[in-house]
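Taking it in order: structure first as C-alpha coordinates, then the write-up.
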Amino acid sequence: MATDSPQEAQSAEGDATTAEDATEAPIAPYPPNCGPPTLHIVHQMRDPLAFAERALATRDVVRLHQFGQGDIYGVGHPEHAKRVLLTDREKFRKSADFRIAFGEGLLTVEGEEWAQQRDVLQPLFTRDSVLGYADGMVEQVRRRIDRWNDGDRLELQAEFTDLALDVLFATVLGRELALDGDRELRESAEHLHGWFKPTSYFLPEWVPTPARRRFRAAKERIRTEADRLLDEAAEGAPTDPSEAEDLLSLLVGLRESGMADSAMLTDERLRDQMVTFLFAGHDTSTTTLTFACWALANNPELRERFHAEVDELDGPPTLADVDDLEVTERLVTETLRLYPPVHSLPREPTTDVVFDGYRIPANEQLLVAIRHIHRDSRFFDDPKEFRPSRWDGDLQSELHDFAYAPFGGGPRICIGRQFALLEAQLALATIGRQYDLHWLGENDADGEPPVSAEMTLRMEPGQEFLVTER
Ligand code: HEM
(Lines give C-alpha, C1' and ligand atoms only; values in the text may rest on other atoms or scores of the structure.)
Protein backbone atom coordinates (compact mmCIF):
# COMPACT_ATOMS: atom_id res chain seq x y z
CA MET A 1 0.00 0.00 0.00
CA ALA A 2 1.12 3.52 -0.73
CA THR A 3 1.81 5.19 2.58
CA ASP A 4 5.22 6.76 2.55
CA SER A 5 5.85 8.48 -0.74
CA PRO A 6 8.12 11.57 -0.53
CA GLN A 7 5.29 13.70 -1.89
CA GLU A 8 2.36 12.39 0.09
CA ALA A 9 0.02 14.70 -1.81
CA GLN A 10 0.98 12.98 -5.05
CA SER A 11 -1.27 9.98 -4.74
CA ALA A 12 -1.75 7.45 -7.48
CA GLU A 13 -4.65 9.62 -8.56
CA GLY A 14 -2.43 11.87 -10.60
CA ASP A 15 1.24 12.49 -11.03
CA ALA A 16 1.65 13.20 -14.69
CA THR A 17 5.08 14.74 -14.63
CA THR A 18 7.13 16.72 -17.11
CA ALA A 19 10.52 15.44 -18.26
CA GLU A 20 12.33 18.03 -16.07
CA ASP A 21 10.42 16.97 -12.96
CA ALA A 22 11.19 13.37 -13.72
CA THR A 23 14.97 13.77 -13.58
CA GLU A 24 14.69 15.53 -10.20
CA ALA A 25 12.51 12.93 -8.49
CA PRO A 26 14.30 10.33 -6.33
CA ILE A 27 14.64 6.85 -7.78
CA ALA A 28 12.16 4.41 -6.28
CA PRO A 29 13.89 2.89 -3.25
CA TYR A 30 14.43 -0.77 -2.45
CA PRO A 31 11.66 -1.92 -0.10
CA PRO A 32 12.72 -1.84 3.55
CA ASN A 33 11.23 -5.28 4.29
CA CYS A 34 12.96 -7.32 1.59
CA GLY A 35 16.49 -7.75 2.94
CA PRO A 36 19.72 -6.69 1.22
CA PRO A 37 19.35 -5.98 -2.53
CA THR A 38 22.07 -8.50 -3.41
CA LEU A 39 19.79 -11.23 -2.07
CA HIS A 40 16.61 -10.08 -3.86
CA ILE A 41 17.31 -12.42 -6.74
CA VAL A 42 17.38 -15.43 -4.42
CA HIS A 43 13.92 -14.57 -3.05
CA GLN A 44 12.60 -13.86 -6.53
CA MET A 45 13.75 -17.19 -7.89
CA ARG A 46 12.44 -19.08 -4.87
CA ASP A 47 8.94 -17.57 -4.78
CA PRO A 48 8.40 -14.62 -7.13
CA LEU A 49 4.75 -14.10 -6.17
CA ALA A 50 5.31 -13.98 -2.42
CA PHE A 51 8.30 -11.71 -2.89
CA ALA A 52 6.38 -9.26 -5.10
CA GLU A 53 3.55 -9.33 -2.57
CA ARG A 54 5.94 -8.51 0.28
CA ALA A 55 7.65 -5.70 -1.63
CA LEU A 56 4.43 -4.05 -2.79
CA ALA A 57 2.95 -4.21 0.70
CA THR A 58 5.20 -1.25 1.56
CA ARG A 59 4.24 1.08 -1.30
CA ASP A 60 2.77 1.03 -4.80
CA VAL A 61 6.08 1.54 -6.58
CA VAL A 62 9.14 -0.51 -5.70
CA ARG A 63 12.60 -1.32 -6.97
CA LEU A 64 14.10 -4.80 -6.76
CA HIS A 65 17.65 -5.77 -7.58
CA GLN A 66 18.48 -8.51 -10.04
CA PHE A 67 22.04 -9.50 -9.45
CA GLY A 68 24.07 -9.11 -12.65
CA GLN A 69 21.10 -7.62 -14.54
CA GLY A 70 20.47 -4.30 -12.81
CA ASP A 71 17.14 -3.43 -11.26
CA ILE A 72 13.53 -4.18 -11.99
CA TYR A 73 10.63 -1.95 -10.92
CA GLY A 74 7.11 -2.90 -9.92
CA VAL A 75 3.94 -0.80 -9.78
CA GLY A 76 0.86 -2.03 -7.95
CA HIS A 77 -1.97 0.50 -8.16
CA PRO A 78 -4.78 0.48 -10.76
CA GLU A 79 -4.02 4.10 -11.59
CA HIS A 80 -0.43 3.13 -12.40
CA ALA A 81 -1.71 0.28 -14.57
CA LYS A 82 -3.95 2.77 -16.35
CA ARG A 83 -1.07 5.12 -17.07
CA VAL A 84 1.16 2.36 -18.44
CA LEU A 85 -1.54 0.69 -20.54
CA LEU A 86 -3.67 3.64 -21.55
CA THR A 87 -3.11 7.28 -20.71
CA ASP A 88 0.72 7.40 -20.95
CA ARG A 89 1.14 4.32 -23.10
CA GLU A 90 3.40 6.01 -25.64
CA LYS A 91 6.05 6.26 -22.89
CA PHE A 92 6.23 2.48 -22.49
CA ARG A 93 7.25 -0.25 -24.89
CA LYS A 94 7.03 -4.02 -24.64
CA SER A 95 10.16 -5.54 -23.16
CA ALA A 96 12.86 -6.59 -25.62
CA ASP A 97 12.66 -10.20 -24.45
CA PHE A 98 9.30 -10.64 -26.16
CA ARG A 99 10.57 -9.61 -29.56
CA ILE A 100 13.63 -11.83 -29.23
CA ALA A 101 11.32 -14.72 -28.40
CA PHE A 102 8.43 -14.17 -30.81
CA GLY A 103 9.67 -11.95 -33.61
CA GLU A 104 7.11 -9.71 -35.28
CA GLY A 105 3.75 -11.11 -34.13
CA LEU A 106 0.87 -9.13 -32.62
CA LEU A 107 2.06 -9.54 -29.04
CA THR A 108 5.39 -7.86 -29.72
CA VAL A 109 5.23 -5.31 -32.53
CA GLU A 110 4.70 -1.62 -31.76
CA GLY A 111 3.34 1.56 -33.34
CA GLU A 112 1.90 1.61 -36.86
CA GLU A 113 2.86 -2.01 -37.51
CA TRP A 114 0.90 -3.10 -34.42
CA ALA A 115 -2.14 -0.99 -35.41
CA GLN A 116 -2.19 -2.57 -38.88
CA GLN A 117 -1.88 -6.11 -37.55
CA ARG A 118 -4.57 -5.50 -34.94
CA ASP A 119 -6.95 -4.08 -37.57
CA VAL A 120 -6.50 -7.10 -39.77
CA LEU A 121 -6.89 -9.67 -36.99
CA GLN A 122 -9.62 -8.04 -34.88
CA PRO A 123 -12.60 -9.19 -37.02
CA LEU A 124 -11.79 -12.84 -36.23
CA PHE A 125 -12.01 -12.17 -32.50
CA THR A 126 -15.11 -10.02 -32.01
CA ARG A 127 -17.80 -11.47 -29.76
CA ASP A 128 -19.94 -12.30 -32.80
CA SER A 129 -17.09 -14.05 -34.58
CA VAL A 130 -16.00 -16.14 -31.64
CA LEU A 131 -19.58 -17.25 -30.97
CA GLY A 132 -19.23 -19.13 -34.24
CA TYR A 133 -16.58 -21.28 -32.58
CA ALA A 134 -18.92 -22.45 -29.79
CA ASP A 135 -19.93 -25.81 -31.28
CA GLY A 136 -16.36 -26.58 -32.29
CA MET A 137 -15.18 -25.81 -28.75
CA VAL A 138 -17.75 -28.12 -27.15
CA GLU A 139 -16.94 -30.85 -29.66
CA GLN A 140 -13.25 -30.69 -28.76
CA VAL A 141 -14.01 -30.77 -25.02
CA ARG A 142 -16.32 -33.76 -25.36
CA ARG A 143 -13.86 -35.64 -27.53
CA ARG A 144 -11.26 -35.42 -24.78
CA ILE A 145 -13.33 -35.85 -21.62
CA ASP A 146 -15.29 -38.80 -23.02
CA ARG A 147 -12.14 -40.78 -22.32
CA TRP A 148 -12.11 -39.96 -18.62
CA ASN A 149 -13.22 -42.79 -16.32
CA ASP A 150 -14.66 -42.94 -12.86
CA GLY A 151 -11.73 -43.17 -10.45
CA ASP A 152 -9.11 -41.65 -12.78
CA ARG A 153 -6.51 -39.44 -11.15
CA LEU A 154 -5.70 -36.55 -13.46
CA GLU A 155 -3.11 -33.84 -13.45
CA LEU A 156 -5.50 -31.22 -14.78
CA GLN A 157 -2.87 -28.65 -15.73
CA ALA A 158 -1.43 -31.20 -18.19
CA GLU A 159 -4.82 -32.49 -19.33
CA PHE A 160 -6.12 -28.98 -19.96
CA THR A 161 -2.94 -28.05 -21.83
CA ASP A 162 -3.88 -30.72 -24.35
CA LEU A 163 -7.48 -29.56 -24.33
CA ALA A 164 -6.62 -25.88 -24.90
CA LEU A 165 -4.41 -26.87 -27.83
CA ASP A 166 -7.18 -29.08 -29.27
CA VAL A 167 -9.56 -26.10 -29.13
CA LEU A 168 -7.11 -23.49 -30.43
CA PHE A 169 -6.02 -25.61 -33.38
CA ALA A 170 -9.52 -26.75 -34.33
CA THR A 171 -10.93 -23.21 -34.26
CA VAL A 172 -8.38 -20.43 -34.80
CA LEU A 173 -5.87 -22.49 -36.79
CA GLY A 174 -8.35 -24.61 -38.72
CA ARG A 175 -6.74 -28.02 -38.15
CA GLU A 176 -7.88 -30.78 -35.78
CA LEU A 177 -5.09 -32.28 -33.71
CA ALA A 178 -4.95 -36.05 -33.17
CA LEU A 179 -6.30 -36.82 -29.72
CA ASP A 180 -3.33 -38.95 -28.71
CA GLY A 181 -0.95 -37.86 -31.43
CA ASP A 182 0.77 -34.68 -32.57
CA ARG A 183 2.90 -35.08 -29.45
CA GLU A 184 5.89 -33.29 -30.90
CA LEU A 185 3.77 -30.29 -31.83
CA ARG A 186 2.04 -30.25 -28.45
CA GLU A 187 5.37 -30.42 -26.62
CA SER A 188 6.75 -27.65 -28.79
CA ALA A 189 3.85 -25.37 -27.84
CA GLU A 190 4.59 -26.14 -24.20
CA HIS A 191 8.30 -25.36 -24.55
CA LEU A 192 7.59 -21.87 -25.87
CA HIS A 193 7.47 -20.86 -22.22
CA GLY A 194 11.07 -21.95 -21.76
CA TRP A 195 12.22 -18.48 -22.76
CA PHE A 196 10.69 -17.07 -19.61
CA LYS A 197 11.81 -19.67 -17.04
CA PRO A 198 12.94 -17.93 -13.83
CA THR A 199 16.23 -19.82 -14.11
CA SER A 200 16.86 -18.19 -17.52
CA TYR A 201 15.16 -14.87 -16.99
CA PHE A 202 17.97 -13.17 -15.17
CA LEU A 203 20.68 -14.34 -17.57
CA PRO A 204 21.74 -12.45 -20.70
CA GLU A 205 20.00 -13.54 -23.86
CA TRP A 206 23.07 -15.30 -25.32
CA VAL A 207 23.43 -17.79 -22.44
CA PRO A 208 22.14 -21.14 -23.84
CA THR A 209 20.26 -22.53 -20.83
CA PRO A 210 18.57 -25.94 -21.38
CA ALA A 211 15.15 -24.21 -21.33
CA ARG A 212 16.28 -21.76 -24.02
CA ARG A 213 17.61 -24.58 -26.18
CA ARG A 214 14.25 -26.33 -25.86
CA PHE A 215 12.54 -23.03 -26.68
CA ARG A 216 14.55 -22.57 -29.88
CA ALA A 217 13.91 -26.15 -31.05
CA ALA A 218 10.19 -25.72 -30.24
CA LYS A 219 9.96 -22.49 -32.18
CA GLU A 220 11.56 -24.13 -35.23
CA ARG A 221 9.16 -27.07 -34.99
CA ILE A 222 6.15 -24.74 -34.89
CA ARG A 223 7.45 -22.69 -37.78
CA THR A 224 7.72 -25.88 -39.85
CA GLU A 225 4.12 -26.70 -38.97
CA ALA A 226 3.17 -23.12 -39.87
CA ASP A 227 4.71 -23.61 -43.33
CA ARG A 228 2.66 -26.76 -43.85
CA LEU A 229 -0.53 -25.02 -42.73
CA LEU A 230 0.25 -21.97 -44.86
CA ASP A 231 0.60 -24.17 -47.95
CA GLU A 232 -2.73 -25.81 -47.17
CA ALA A 233 -4.37 -22.46 -46.51
CA ALA A 234 -3.01 -21.05 -49.80
CA GLU A 235 -4.75 -23.87 -51.69
CA GLY A 236 -8.13 -23.24 -50.15
CA ALA A 237 -7.90 -19.51 -49.40
CA PRO A 238 -11.26 -17.78 -49.93
CA THR A 239 -11.18 -15.17 -52.68
CA ASP A 240 -13.02 -12.84 -50.29
CA PRO A 241 -10.94 -12.72 -47.05
CA SER A 242 -13.98 -11.60 -45.05
CA GLU A 243 -15.29 -15.15 -45.52
CA ALA A 244 -12.26 -16.67 -43.85
CA GLU A 245 -13.08 -18.72 -40.78
CA ASP A 246 -9.65 -19.11 -39.30
CA LEU A 247 -6.53 -17.09 -38.75
CA LEU A 248 -4.29 -18.56 -41.41
CA SER A 249 -6.83 -18.56 -44.21
CA LEU A 250 -7.66 -14.94 -43.34
CA LEU A 251 -4.03 -13.90 -43.55
CA VAL A 252 -3.26 -15.90 -46.67
CA GLY A 253 -6.52 -14.66 -48.29
CA LEU A 254 -5.54 -11.06 -47.59
CA ARG A 255 -2.15 -11.64 -49.15
CA GLU A 256 -3.46 -13.44 -52.24
CA SER A 257 -6.12 -10.80 -52.83
CA GLY A 258 -3.66 -7.93 -52.31
CA MET A 259 -6.00 -6.38 -49.72
CA ALA A 260 -3.41 -5.78 -47.01
CA ASP A 261 0.09 -4.41 -46.82
CA SER A 262 2.23 -7.22 -48.22
CA ALA A 263 5.16 -6.49 -45.87
CA MET A 264 2.92 -7.57 -43.03
CA LEU A 265 2.03 -10.83 -44.71
CA THR A 266 5.35 -12.33 -45.70
CA ASP A 267 5.75 -16.01 -44.82
CA GLU A 268 8.19 -14.95 -42.12
CA ARG A 269 5.60 -12.70 -40.46
CA LEU A 270 2.89 -15.33 -40.73
CA ARG A 271 5.16 -17.85 -39.01
CA ASP A 272 5.78 -15.36 -36.20
CA GLN A 273 2.03 -14.82 -35.93
CA MET A 274 1.39 -18.50 -35.52
CA VAL A 275 4.03 -18.88 -32.81
CA THR A 276 2.53 -15.82 -31.09
CA PHE A 277 -1.03 -17.15 -31.06
CA LEU A 278 0.10 -20.56 -29.89
CA PHE A 279 2.03 -18.99 -27.04
CA ALA A 280 -0.63 -16.45 -26.04
CA GLY A 281 -3.69 -18.58 -26.62
CA HIS A 282 -3.23 -21.90 -24.88
CA ASP A 283 -1.45 -21.71 -21.56
CA THR A 284 -3.63 -18.89 -20.28
CA SER A 285 -6.81 -20.89 -20.95
CA THR A 286 -5.26 -24.00 -19.39
CA THR A 287 -4.55 -22.16 -16.16
CA THR A 288 -8.04 -20.64 -16.03
CA LEU A 289 -9.69 -24.06 -16.35
CA THR A 290 -7.37 -25.69 -13.83
CA PHE A 291 -7.89 -23.08 -11.11
CA ALA A 292 -11.65 -22.92 -11.74
CA CYS A 293 -11.80 -26.71 -11.13
CA TRP A 294 -9.67 -26.30 -8.02
CA ALA A 295 -12.11 -23.63 -6.77
CA LEU A 296 -15.14 -25.87 -7.43
CA ALA A 297 -13.51 -28.78 -5.64
CA ASN A 298 -12.69 -26.62 -2.62
CA ASN A 299 -16.03 -24.81 -2.25
CA PRO A 300 -18.91 -27.31 -1.78
CA GLU A 301 -21.62 -24.66 -1.78
CA LEU A 302 -20.33 -23.15 -5.03
CA ARG A 303 -20.06 -26.61 -6.58
CA GLU A 304 -23.67 -27.30 -5.70
CA ARG A 305 -24.89 -24.09 -7.37
CA PHE A 306 -22.71 -24.78 -10.39
CA HIS A 307 -24.04 -28.32 -10.78
CA ALA A 308 -27.63 -27.11 -10.39
CA GLU A 309 -27.01 -24.62 -13.20
CA VAL A 310 -25.40 -27.03 -15.66
CA ASP A 311 -27.93 -29.78 -14.87
CA GLU A 312 -30.69 -27.44 -16.05
CA LEU A 313 -29.36 -27.65 -19.60
CA ASP A 314 -31.04 -30.08 -21.99
CA GLY A 315 -27.74 -31.52 -23.16
CA PRO A 316 -24.15 -30.40 -23.61
CA PRO A 317 -24.05 -26.60 -23.67
CA THR A 318 -24.69 -24.80 -26.93
CA LEU A 319 -24.40 -21.22 -27.98
CA ALA A 320 -28.01 -20.63 -26.95
CA ASP A 321 -27.16 -21.53 -23.33
CA VAL A 322 -24.23 -19.20 -22.85
CA ASP A 323 -26.19 -16.27 -21.44
CA ASP A 324 -27.90 -18.52 -18.88
CA LEU A 325 -24.65 -19.83 -17.41
CA GLU A 326 -24.36 -17.08 -14.81
CA VAL A 327 -22.81 -19.11 -11.98
CA THR A 328 -20.25 -20.46 -14.43
CA GLU A 329 -19.50 -16.98 -15.73
CA ARG A 330 -18.87 -15.61 -12.21
CA LEU A 331 -16.75 -18.64 -11.41
CA VAL A 332 -14.53 -17.73 -14.37
CA THR A 333 -14.48 -14.03 -13.43
CA GLU A 334 -13.41 -14.78 -9.87
CA THR A 335 -10.84 -17.35 -11.00
CA LEU A 336 -9.24 -14.72 -13.23
CA ARG A 337 -9.18 -12.29 -10.29
CA LEU A 338 -7.40 -14.52 -7.78
CA TYR A 339 -5.35 -16.52 -10.29
CA PRO A 340 -4.80 -14.23 -13.29
CA PRO A 341 -2.77 -16.36 -15.72
CA VAL A 342 -0.81 -13.26 -16.77
CA HIS A 343 0.15 -12.20 -13.26
CA SER A 344 2.19 -9.18 -14.31
CA LEU A 345 2.71 -7.18 -17.48
CA PRO A 346 6.28 -6.35 -18.49
CA ARG A 347 7.15 -3.00 -20.08
CA GLU A 348 10.13 -0.66 -20.48
CA PRO A 349 9.70 3.12 -20.10
CA THR A 350 11.19 4.96 -23.07
CA THR A 351 11.79 8.06 -20.92
CA ASP A 352 12.15 8.69 -17.17
CA VAL A 353 8.70 8.37 -15.58
CA VAL A 354 7.42 9.25 -12.11
CA PHE A 355 4.95 7.26 -10.03
CA ASP A 356 3.91 8.53 -6.58
CA GLY A 357 6.86 10.93 -6.64
CA TYR A 358 9.41 8.22 -7.41
CA ARG A 359 11.37 8.01 -10.61
CA ILE A 360 11.74 4.94 -12.78
CA PRO A 361 14.58 5.59 -15.20
CA ALA A 362 14.20 5.12 -18.96
CA ASN A 363 14.91 1.66 -20.41
CA GLU A 364 14.65 -0.16 -17.07
CA GLN A 365 12.35 -3.15 -16.71
CA LEU A 366 8.94 -2.44 -15.24
CA LEU A 367 6.25 -4.88 -14.16
CA VAL A 368 2.60 -3.92 -13.70
CA ALA A 369 1.59 -6.22 -10.85
CA ILE A 370 -1.87 -7.38 -11.98
CA ARG A 371 -2.20 -10.21 -9.46
CA HIS A 372 -1.21 -7.91 -6.63
CA ILE A 373 -3.82 -5.32 -7.66
CA HIS A 374 -6.49 -8.05 -7.81
CA ARG A 375 -5.69 -8.99 -4.21
CA ASP A 376 -5.63 -5.50 -2.73
CA SER A 377 -8.08 -4.85 0.11
CA ARG A 378 -8.42 -1.22 -1.04
CA PHE A 379 -10.43 -2.52 -3.99
CA PHE A 380 -11.85 -5.89 -2.94
CA ASP A 381 -13.42 -6.94 0.38
CA ASP A 382 -11.74 -10.01 1.86
CA PRO A 383 -9.57 -10.08 -1.24
CA LYS A 384 -8.07 -13.53 -0.67
CA GLU A 385 -11.44 -15.22 -0.38
CA PHE A 386 -12.67 -17.05 -3.48
CA ARG A 387 -16.16 -15.61 -3.69
CA PRO A 388 -17.81 -15.47 -7.15
CA SER A 389 -20.93 -13.90 -5.62
CA ARG A 390 -18.97 -10.66 -5.09
CA TRP A 391 -19.67 -10.06 -8.81
CA ASP A 392 -23.48 -10.45 -8.39
CA GLY A 393 -24.20 -6.75 -7.87
CA ASP A 394 -22.62 -3.62 -9.28
CA LEU A 395 -19.03 -4.33 -8.29
CA GLN A 396 -17.79 -4.28 -11.89
CA SER A 397 -19.12 -0.78 -12.55
CA GLU A 398 -18.03 0.56 -9.13
CA LEU A 399 -14.43 -0.63 -9.43
CA HIS A 400 -11.57 1.47 -10.75
CA ASP A 401 -11.44 0.48 -14.43
CA PHE A 402 -7.97 -1.06 -13.98
CA ALA A 403 -8.57 -2.77 -10.59
CA TYR A 404 -9.62 -5.91 -12.45
CA ALA A 405 -7.47 -6.43 -15.53
CA PRO A 406 -6.78 -10.12 -16.22
CA PHE A 407 -6.71 -9.34 -19.95
CA GLY A 408 -4.64 -6.16 -19.60
CA GLY A 409 -6.21 -2.91 -20.77
CA GLY A 410 -6.12 -0.01 -23.21
CA PRO A 411 -5.73 -0.62 -26.95
CA ARG A 412 -3.49 -3.66 -26.38
CA ILE A 413 -6.06 -5.50 -24.29
CA CYS A 414 -6.04 -9.22 -25.06
CA ILE A 415 -7.45 -9.81 -28.54
CA GLY A 416 -8.47 -13.34 -27.50
CA ARG A 417 -10.51 -12.41 -24.40
CA GLN A 418 -13.96 -13.12 -25.85
CA PHE A 419 -12.63 -16.38 -27.19
CA ALA A 420 -11.09 -17.30 -23.83
CA LEU A 421 -14.21 -16.44 -21.80
CA LEU A 422 -16.46 -18.44 -24.11
CA GLU A 423 -14.08 -21.37 -24.11
CA ALA A 424 -13.82 -21.42 -20.31
CA GLN A 425 -17.56 -21.19 -19.79
CA LEU A 426 -18.39 -23.92 -22.30
CA ALA A 427 -15.61 -26.24 -21.21
CA LEU A 428 -16.52 -26.00 -17.50
CA ALA A 429 -20.22 -26.53 -18.19
CA THR A 430 -19.51 -29.53 -20.44
CA ILE A 431 -17.24 -31.10 -17.84
CA GLY A 432 -19.56 -30.25 -14.93
CA ARG A 433 -22.52 -32.08 -16.47
CA GLN A 434 -20.57 -35.29 -16.70
CA TYR A 435 -18.02 -35.32 -13.88
CA ASP A 436 -17.16 -34.22 -10.39
CA LEU A 437 -13.52 -33.38 -9.80
CA HIS A 438 -12.05 -33.83 -6.30
CA TRP A 439 -8.87 -32.08 -5.26
CA LEU A 440 -6.15 -34.49 -4.12
CA GLY A 441 -3.42 -31.87 -3.72
CA GLU A 442 -2.62 -29.94 -0.58
CA ASN A 443 -3.47 -26.31 -0.02
CA ASP A 444 -1.16 -24.16 2.05
CA ALA A 445 -1.96 -22.66 5.45
CA ASP A 446 -3.92 -19.84 3.75
CA GLY A 447 -5.99 -22.33 1.76
CA GLU A 448 -4.15 -21.56 -1.49
CA PRO A 449 -3.14 -24.26 -4.00
CA PRO A 450 0.51 -24.82 -5.00
CA VAL A 451 1.19 -22.28 -7.72
CA SER A 452 4.23 -21.69 -9.89
CA ALA A 453 4.79 -18.33 -11.54
CA GLU A 454 6.77 -18.16 -14.74
CA MET A 455 5.54 -15.97 -17.57
CA THR A 456 2.10 -17.29 -16.66
CA LEU A 457 0.70 -18.71 -13.44
CA ARG A 458 0.30 -22.46 -13.31
CA MET A 459 -0.64 -25.18 -10.90
CA GLU A 460 2.57 -26.83 -9.79
CA PRO A 461 3.31 -30.13 -11.56
CA GLY A 462 2.19 -33.32 -9.83
CA GLN A 463 -1.09 -31.93 -8.40
CA GLU A 464 -3.91 -34.39 -9.06
CA PHE A 465 -7.69 -34.43 -9.11
CA LEU A 466 -9.89 -37.53 -8.70
CA VAL A 467 -12.56 -37.94 -11.38
CA THR A 468 -15.97 -39.32 -10.44
CA GLU A 469 -18.84 -39.77 -12.83
CA ARG A 470 -22.02 -37.94 -11.90
C1 HEM B 1 -7.87 -16.60 -19.98
C2 HEM B 1 -7.14 -16.52 -21.07
C3 HEM B 1 -6.29 -15.35 -21.43
C4 HEM B 1 -5.71 -14.39 -20.64
C5 HEM B 1 -5.81 -14.25 -19.13
C6 HEM B 1 -4.99 -13.50 -21.51
C7 HEM B 1 -4.30 -12.38 -21.08
C8 HEM B 1 -3.70 -11.46 -21.93
C9 HEM B 1 -3.10 -10.23 -21.49
C10 HEM B 1 -2.99 -9.76 -20.04
C11 HEM B 1 -2.66 -9.58 -22.59
C12 HEM B 1 -1.98 -8.20 -22.63
C13 HEM B 1 -0.49 -8.35 -22.62
C14 HEM B 1 0.24 -7.02 -22.49
O15 HEM B 1 -0.39 -5.95 -22.48
O16 HEM B 1 1.46 -7.07 -22.39
C17 HEM B 1 -2.94 -10.42 -23.73
C18 HEM B 1 -2.63 -10.11 -25.04
C19 HEM B 1 -2.83 -10.96 -26.09
N20 HEM B 1 -3.52 -12.16 -26.07
FE21 HEM B 1 -4.42 -12.98 -24.46
N22 HEM B 1 -5.11 -13.93 -22.80
C23 HEM B 1 -5.90 -15.05 -22.81
C24 HEM B 1 -6.29 -15.79 -23.91
C25 HEM B 1 -5.91 -15.54 -25.19
C26 HEM B 1 -6.31 -16.31 -26.33
C27 HEM B 1 -7.27 -17.51 -26.27
C28 HEM B 1 -5.68 -15.79 -27.41
C29 HEM B 1 -5.74 -16.19 -28.85
C30 HEM B 1 -6.65 -16.96 -29.36
C31 HEM B 1 -4.88 -14.67 -26.94
C32 HEM B 1 -4.07 -13.89 -27.73
C33 HEM B 1 -3.47 -12.71 -27.32
C34 HEM B 1 -2.71 -11.84 -28.20
C35 HEM B 1 -2.39 -12.10 -29.66
C36 HEM B 1 -2.33 -10.73 -27.43
C37 HEM B 1 -1.57 -9.49 -27.92
C38 HEM B 1 -2.59 -8.40 -28.25
C39 HEM B 1 -1.99 -7.07 -28.70
O40 HEM B 1 -0.89 -6.72 -28.25
O41 HEM B 1 -2.65 -6.40 -29.50
N42 HEM B 1 -5.06 -14.54 -25.59
N43 HEM B 1 -3.59 -11.55 -23.30
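The values are calculated or read from the model by the stated rules, or taken from the named source; none is laboratory data. Bear in mind the structure is a predicted one, so any value in this text is a computation, not a measurement. Just so you know, the surface numbers come from the protein's heavy atoms only, side chains and all, with ligands and any DNA or RNA stripped out. Shrake-Rupley method; radii C 1.70, N 1.55, O 1.52, S 1.80 Å.
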| task | Please work out the average accessible area per residue across segment 337-413, using the 1.4 Å probe convention, and give it in Å². | result | 35 Å²
| task | Evaluate the relative contact order of segment 19-469 (contact order divided by residue number), counting alpha-carbon pairs under 8 angstrom at least 6 apart; express in whole percent. | result | 25 percent
| task | Could you calculate, for segment 304-439, the ratio of the Cα radius of gyration to the Kirkwood radius, expressed as Rg to Rh? | result | 1.06
| If amide H atoms are built 1.01 Å from N in the plane of the peptide, which residues on other chains or at least 5 residues away come under 5 Å of the amide H of R93? | E348, T350
| How do W148, W439 stack up against each other in accessible area, from largest to smallest, with a 1.4 angstrom probe? | W439, W148
| query | For segment 348-423, what mean projected area does the convex hull of the alpha carbons give, in nm²? | reply | 7.0 nm²
| field | For the chain: lysine pairs under 25 Å (alpha-carbon distance), excluding those fewer than 8 apart on one chain | value | 6
| D_trans [Stokes-Einstein, Kirkwood Rh over alpha-carbon pairs] for the chain, 25 °C, 0.890 mPa s, µm² s⁻¹ | 105 µm²/s
| Carbon + sulfur, % of accessible area of the chain - ligands and nucleic acids excluded, 1.4 Å | 49 percent
| What value, in deg cm²/dmol to 500, does the helix sum -39500 (n - 2.57) over DSSP H runs of n ≥ 4 give at 222 nm once divided by the residues of the chain? | -14000 deg cm²/dmol
| query | Given the Cα-Cα distance of L39 and A115 and 0.36 nm per residue of separation, how much length would full extension add, in nm? | reply | 23.2 nm
